[in-house]
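Undergrad: Here it is: the structure, laid out below.
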Amino acid sequence: MQLARISGTVVATRKEPSLNGLRFMLVRPLDETGRETGQTLVAADAVGAGVDEVVLIASGSSARQLLSQYEKYYR
């Protein structure tokens with residue numbers, strides 16, 4: 001998991017049905033001093049974070065586990 005700052009939103013006219021209810025956000029990873037580093041990523045937001053907020057992002061199996069928990073409790 002890594003800290004990132006939300007830089008914008010993504011509009012999806014069609015998406016995988018299992019992702020309905022999630023918003024897509026553009027995020028920039030942060031280094032240990034809080035400066036933006038690396039490439040902009042697209043992240044699925046299940047909690048309602050907004051632009052310029054600092055969030056924790058997960059990838060790989062951690063993200064899959066979070067998504068399965070989201071489906072279990074919020075669908």
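Undergrad: Starting from the Cα-Cα distance between ARG14 and THR33, subtract it from 0.36 nm times their residue separation and give me the gain in nm to one decimal. Spell out each step's value before the answer.
TA: Details: separation 19, 0.36 × 19 = 6.84 nm, distance 3.71 nm.
Value of the extension gain: 3.1 nm.
Undergrad: Further question: By the scheme Lys and Arg +1, Asp and Glu -1, what is the net charge of all other residues having a beta-carbon under 10 Å from that of VAL55? Intermediate values should be presented prior to the final figure.
TA: Numbers: positive: ARG5; negative: ASP45, GLU53.
That sum, taken over residues with Cβ under 10 Å, equals -1.
Undergrad: Under 5 Å between amide hydrogens, which residues at least 5 positions from LEU30 or on another chain qualify, with H placed 1.01 Å from N in the peptide plane?
TA: Hits under the 5 Å cutoff: LEU3, ALA4, ARG5, THR37.
Undergrad: Report ³J(HN,Hα) in whole Hz for each residue of segment 45-53, in order, from the Karplus equation J = 6.51 cos²θ - 1.76 cosθ + 1.60 where θ = phi - 60°; Gly and Pro get x.
TA: Values per residue, Gly and Pro as x: 10, 9, 10, x, 6, x, 4, 6, 7 Hz.
Undergrad: Tell me which residues come under 5 Å, amide H to amide H, from ARG23 once H is placed; ignore anything under 5 positions away on its chain.
TA: Here ASP45 satisfy the definition.
Computed from the coordinates by the stated procedures, all read-outs in this text should not be read as laboratory data. Bear in mind that the values here come from a model prediction, so they are computed numbers and not experimental data. Every residue, glycine among them, receives a Cβ derived from its backbone with ideal geometry; neighbour counts consider all protein chains shown.
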